[in-house]
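Here's the structure, in structure tokens; my notes come after.
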Amino acid sequence: MIHSPCVAKCGLNDEDICMGCYRNIDEIVEWGNADDAFKTKVLELIPARKIALGKGENCLKLTRDKWIETEARLQGDTEEV
């Protein structure tokens, strides 16, 4: 089992990347249902994002509405496959 990198400081920048855990909104929403390969890939991307983004600003809080909107979009993506 691979644990989430969430640090409970959710806030999205302009590119919808959380400045707490450095995952993008799609990765955050998919995490709970993702397999270990997906999670490992995401965890491998985080160090480079931290370097690139530094201590950026949280422009947007991750709201429930944003979560639902992303979840619906991602479910639509999987239905088309």
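The values are calculated or read from the model by the stated rules, or taken from the named source; none is laboratory data. Every value quoted in this text rests on a predicted model; they were computed, and no experiment measured them. When we count neighbours, we look across all protein chains shown, and the Cβ atoms used for this are built from the backbone with ideal geometry, even at glycine.
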For a quick check of your reading of the model, give me the residue pairs whose first member lies in the stretch 13-30 and is closer than 13 Å to Lys66 by Cβ and surrounded by fewer than 17 Cβ atoms within 10 Å (Cβ to Cβ), whose second is β-branched (Val, Ile, Thr) and at pLDDT below 90, with beta-carbon atoms closer than 7 Å and at least 6 apart or on different chains. Asp26/Thr70
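Before we move on, is Lys50 modelled with pLDDT of 95 or more and part of a helix (DSSP H, G or I)? Can you show your working first?
Working: modelled with pLDDT of 95 or more: no; part of a helix (DSSP H, G or I): yes.
Answer is no for this residue.
Looking at the stretch 31-41, which of its residues are in contact (Cβ under 8 Å) with a residue 12 or more places away in the chain and either part of a loop (DSSP other than H, G, I, E, B) or under 18 Å from Thr63 (Cβ atoms) (or both)? Lay out the reasoning, then the answer.
Start the filter on the stretch 31-41 by keeping residues that are in contact (Cβ under 8 Å) with a residue 12 or more places away in the chain, which leaves 31, 36, 39-40.
Hit for the stretch 31-41 is Trp31, nothing else.
Restricting to the stretch 12-63, count the residues that are of a type in the set (Ser, Thr, Tyr) and more than 18 Å from Leu74 (Cα to Cα).
Counting residues in the stretch 12-63 that are of a type in the set (Ser, Thr, Tyr) and more than 18 Å from Leu74 (Cα to Cα) gives 2.
Being basic (Lys, Arg) and touching a Phe, Trp or Tyr at 6+ places or on another chain (Cβ under 6 Å) is the filter here, so list the residues in the stretch 21-50 that pass it. Walk me through it before giving the result.
Step one: filter the stretch 21-50 for residues basic (Lys, Arg), giving 23, 39, 41, 49-50.
Within the stretch 21-50, Arg49, Lys50 meet the criteria.
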